[in-house]
1. If packing is taken as the average count of other Cβ atoms within 10 Å, what order do 131-143, 157-169, 248-260 fall into, highest mean first?
2. Ordering Ile108, Ile117 by how much accessible area each has at a 1.4 Å probe, largest first, what is the list?
3. What ranking of His226, His194, His216, His86 comes out by heavy-atom accessible area, probe 1.4 Å, highest first?
4. To the nearest 10 square angstrom, how much accessible area does Ser91 have with a 1.4 angstrom probe?
5. Using every alpha carbon pair in the range 114-173, what percent of pairs falls into each 10 Å bin from 0 up to the bin containing the largest distance?
6. Carbon and sulfur together cover what percent of the accessible area of the range 122-266 at a 1.4 Å probe radius?
Amino acid sequence: MRNNPLPATTSISEKKGGKYNQHLTNRNLTIPDYYHQISSIPLEDYIGRLKRKLCETFFYISQQPPSIGSAPSEENEEELANKLFHQEYSSAESALSSGTPASEYQKILELTLCENIDEETTKLFSTSFMWLVCADLLAQEGLRDKAWAALVELASLETRLKDACIAEEKRREKLLQQEYGRLANQNLKHLRLHLIDLLYEDCPDNGWRSVNVATHQLHEKILQFHEQSDQRSVIRLNESDIQRMITNWMNKNKEVNETFKKLKKL
């Protein structure tokens, strides 16, 4: 019974001998551990968990889409995103506490915190953000039932926000692969041919185990070859570009893919 989120005993009234007698009963349902653990989380702790999760989501969606030749992410990029999120969160709390309607502040949020995010994700994220701020303020005022009601609304958006993030990631990756394909036909044929040569020259005795193994082993040589070629002045490529590009070629380019399959697990 200790795993039951309800009290261990319940007080009930029972009519006996023409009188109502009140006593305790142990007729509660037994609830599995998971439900007990979740239902035992204090409201403030639950809000804190959701705040950290939404902050992580913001860091993900606020990153600039990758592009060929773009500089690697700064080491403190996540720290800066977290700082911006918490600054905006504090500003929202202050604004709502001063009488600004949440719906009005959401418009400000979408112009500041969400300026580089696509429209659908912006709407889902900003709505989730405002529900969390509202729940936090309601809890601080002791209006716990209303705070939980706000969190229920937030929970209803969680899956849609996650799906929107996945869709955006796929869209960005598709655009990047299209860019690789265009450049491969125009300026990177020398790298594709060199990759084919390296697949033969550096092939392990028992063949290539996987595309990922080949990419890991060959990408530095491909990058070095590009840095020493005339095409270096035409297009800049970094290590991440090379890894994505040769992985794409081994999976989707007919000539490279046929070579890889021929040398896979000899």
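1. So the order, starting with the most tightly packed, is 131-143, 248-260, 157-169.
2. Working: Ile108 80, Ile117 25 Å².
Listed by decreasing accessible area, they come as Ile108, Ile117.
3. His216, His86, His194, His226
4. Taking all protein chains as shown, Ser91 has close to 60 Å².
5. Taking every Cα pair in the range 114-173, the percentages come to 24, 42, 24, 10, 1.
6. 48 percent
The values are calculated or read from the model by the stated rules, or taken from the named source; none is laboratory data. Just so it is clear, the model here is predicted, and its values are computed rather than measured. Here Cβ is always computed from backbone atoms with ideal geometry, including for glycine, and neighbour counts include all displayed protein chains. Please note that ligands, DNA and RNA were not included when accessible areas were found on the heavy atoms of the full protein model with its side chains. Shrake-Rupley method; radii C 1.70, N 1.55, O 1.52, S 1.80 Å.
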